[in-house]
1. How would Trp33, Trp16 line up from fewest to most surrounding beta-carbon atoms within 10 angstrom?
2. Could you please report the charge total around Arg35, scoring K, R as +1 and D, E as -1 over all other residues with beta-carbon less than 13 angstrom from its beta-carbon?
3. Per 0.36 nm of contour for each residue apart, how much would the distance between Glu20 and Leu48 grow if the chain were fully extended, relative to their Cα-Cα spacing?
4. Name the long-range amide H neighbours of Glu20: under 5 Å, sequence gap of 5 or more, or other chain; modelled H, no Pro or chain starts.
Amino acid sequence: MKTELSRGVELTLIKWVGGEDVRMSLPKSTFYWHRRKILDVLGLDISLKYEKKQIEAMTFDLEYLRSHEVKLIPAQLQGLLFKPGDSSSWLAH
């Protein structure tokens, strides 16, 4: 499965999740290009300081989830999407 983010954009995202201020480590035009790609694909704004609690608090309704295609998500972000015990258990057939 192929992700919509290029490897360079993924690396920028990983640095941002790790707490780095990526505005200082990238040329201005590259930062804004990476920011736009991440906003379009994942809805995250890397110009803001990464705050885990704020991202964990984001909720999506069922209609939103149905209308969006499932995408390959970097391993660093997968922990932000699901927490053990949040979903109901599946009934055995």
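1. Values: Trp33 15, Trp16 24.
So the ranking, lowest neighbour count to highest, is Trp33, Trp16.
2. Numbers: positive: Lys15, Arg23, Lys28, Arg36, Lys37; negative: Asp21, Asp40, Asp45.
Summing Lys/Arg as +1 and Asp/Glu as -1 gives +2.
3. Numbers: separation 28, 0.36 × 28 = 10.08 nm, distance 1.10 nm.
Taking 0.36 nm per residue and subtracting the Cα distance, the gain is 9.0 nm.
4. Those lying under 5 Å, H to H, from Glu20: there are none.
FYI, it's all coordinate maths here, none of it is from the lab. What you see is a predicted model; the values in this text were computed from it and never measured. Virtual Cβ from ideal backbone geometry, glycine too; neighbours counted across all protein chains shown.
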